[in-house]
Amino acid sequence: MNRRIESLIIILLLLPTIWMYVPAGHDWGGDFAQYILQAQDLLQGTNRATELYLYNADYYRLAPPSYPNGLPLVLAGWIALFGDGIQGMIVLMTLISVLFGLGVFRLLRQNFNFWISLAALFLTMYNPWMIRFKAEVIADLPFATLIVWTLLVYQRSLNGKLWAHILTPLLVGLTIMTKAHGIILLAAFALDGFSHFRQRETRKQGIRSLSNVILGSGITAIGVALFSAPGGIQLGHFSSITADHGGYGSAFFSNLIGYFNIYVAYFIRDVGSLTWVAEVVGHIMAYSAILGLVLRWVRKQFGILDWVFLGLMAALLLFPITNGFRYLLPAYPALLIYSLSGLSAIPWHKLKRPWLAPALGMALAAFIFFKGWGKIAELPAIPEGPYLAKYDSLHESLKAHTDDLTILVTEKPRVFGLFHGLHAGSVAPSQSDIHSGIKNLVESFEERNDGEVRGIWVLDIHFISHPSIDHYVQDGDKSMGERIDGDGWTLRKYGR
């Protein structure tokens, strides 16, 4: 089938996902607020995102002082054209998910026929997890999309396409600026380049590959210098986490088991009584991925896809914290290819109708996902989060009781930097005495502001469990300070 016709069919297949769950608000996650603030900073030439979030060195696991500015660059372009409405930015993420799906299909087609690739893409993009996840304004999906398209464009550059040779290092730079561990692309290109360079017939490809490493490094350095938020890529933040958990590689084997189970769990989403079916499917896919990876090594089919996959997995396995499927998403296309490669050991080619097995697979997926789709259809138009109408009274109270010399201590501090321009931070949930944590926030405030702190308020969002804040606000002595109760929230003035 013609390549363009195939791509058109895939886009038409993915179009319904654009309208599947596009909420008019966002959940309580703080990452989205930081990315939007950094995008606004790029447009306005300010540093409000870094200044407003009071980084607590004792609670560094909450979030770094800032993020790389790859996603904020994209958001800044969208905001400049369409404004900063949250639903519009969720539409942008949905469009990125379509681009991700098309890229995954193109990678699949390099290894499998149209029907198998179509079935695998359906299993991926119509998974209830993916449909919900595309409503998150965070960097994981854009990063995974950049990884996929960098691979595809890079492969075209090796075939002598000048436009691809120009575009590849630009994509490399944007990928690294979106998430720091995108730097593994440079190592992967270098390994691929050396493997080509050793053979006379592919030496030109090796030179092109190695030049991409040089150009990509230069573009990344320029991009980071021009567009990075204060503090850059925040390697110190991640080094602190690593040192506190035993160093790189200290959790390698537990992470290995953890991500194996995370990959299995991707196929077990809201399936109700059919959980056992989904578990069988998930384990078959996971064990087939191991077999497929081994087969590619034995058959000497290792290429750029495999080097990138190994680099991504090394970053995940060596970092001592496992956090869910969104971190595995950039490596998922390769895992999917390995799963299908392992399954291809079964002699499907002997079937008289090659489309039959993929068609049955899609039917099974639809059968399994049906309950999950029903749950998505029942989700509220505005999810539990700061955009919900019940929190209007909270926003009004904060406007009435705070100003730019006030510190807000809460579970999701960056949200209130975006909504109200408040200096906000948090304390560790396990910290029974929150006073030392608040002292750190005051010191952080005074380091970057001329005026002294005028007041401190502690906000408990009831939906979010945070033992130290919950205890202070709900169970503290009545003499400690003014207390304001609302629907789903309690605000208390801090006092010793």
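Could you state the angle between the C-alpha long axis of helix 203-227 and the longest principal axis of the C-alpha atoms of the chain, as a value from 0 to 90 degrees rounded to the nearest 10? Computed tilt is about 10 degrees. Heavy-atom surface analysis with a 1.4 Å probe gives the chain a carbon and sulfur content of 62 percent of its accessible area. Helix 114-125 axis versus longest C-alpha principal axis of the chain: approximately 10°, rounded to the nearest ten.
Once you sort the root eigenvalues of the Cα gyration tensor of the chain as a ≥ b ≥ c, which label holds: rounded (a/c under 1.5), prolate (a/b larger than b/c) or oblate (the other case)? Cα axes put the chain in the prolate bin. In segment 395-496, Rg over Rh equals 0.92, where Rg is the alpha-carbon radius of gyration and Rh the Kirkwood radius from pairwise Cα distances. When the residues 20, 313 are ordered by accessible surface, computed with a 1.4 Å probe over the protein chains alone, the sequence from largest down reads 20, 313. Partners of residue 390 within straight-line reach, counting aspartates and glutamates whose Cα lies under 12 Å from its Cα and excluding those fewer than 8 residues away in the same chain: 487.
With the cut-off at 1.5 for a/c, could you classify segment 402-448 from its C-alpha gyration tensor as rounded, prolate or oblate? Since a/c reaches 1.5 but b/c is at least a/b, the shape of segment 402-448 is classed as oblate. Averaging the Cα positions of each part gives two centres, and for segment 30-56 and segment 174-196 these lie 28 Å apart. Under 5 Å between amide hydrogens, built in the peptide plane, is the criterion, and for residue 489 it picks out 462 among residues at least 5 positions away or on other chains.
Measuring only protein heavy atoms, the 1.4 Å probe finds residue 435 accessible over about 40 Å². Checking the Cα-Cα distances for 179/300; 179/412; 179/439; 371/412; 134/439; 412/493 against a 26 Å cut-off, the pairs over it are 179/300; 179/439; 371/412; 134/439.
Peptides 91-104, 160-173, 27-40, ordered by how many other C-beta atoms sit within 10 Å of their residues on average, highest first, read 27-40, 91-104, 160-173. Could you tell me the center-to-center distance, by alpha carbons, between segment 382-407 and segment 269-339 in angstrom? Spelled out, the Cα-based centre of one part sits 41 Å from the other.
A straight Cα-to-Cα reach below 15 Å connects residue 375 with the aspartates and glutamates 270, residues fewer than 8 places away in its own chain not being considered. Once both labels are positioned 7 Å from their Cα atoms along Cα-to-Cβ, the gap between residue 221 and residue 381 label points is 5.3 nm. Take each peptide in 58-68, 9-19, 438-448, count the other Cβ atoms within 10 Å of every residue, and average; sorted highest first, the result is 58-68, 438-448, 9-19.
Accessible area per residue for the chain, computed on protein heavy atoms with a 1.4 Å probe, is 44 Å². The angle between the Cα long axis of helix 275-298 and the longest principal axis of the Cα atoms of the chain comes to about 60 degrees, rounded to the nearest 10. Amide H to amide H, with H built 1.01 Å from N, residue 423 comes under 5 Å of 406, 408, counting only residues 5 or more places away or on other chains.
The values are calculated or read from the model by the stated rules, or taken from the named source; none is laboratory data. These figures come from a predicted structure and were not determined experimentally. Don't worry about glycine lacking a Cβ; one is built from the backbone with ideal geometry, like all the others, and counts go over all protein chains shown. For accessibility, only protein heavy atoms count, side chains too; no ligands or nucleic acids. Shrake-Rupley method; radii C 1.70, N 1.55, O 1.52, S 1.80 Å.
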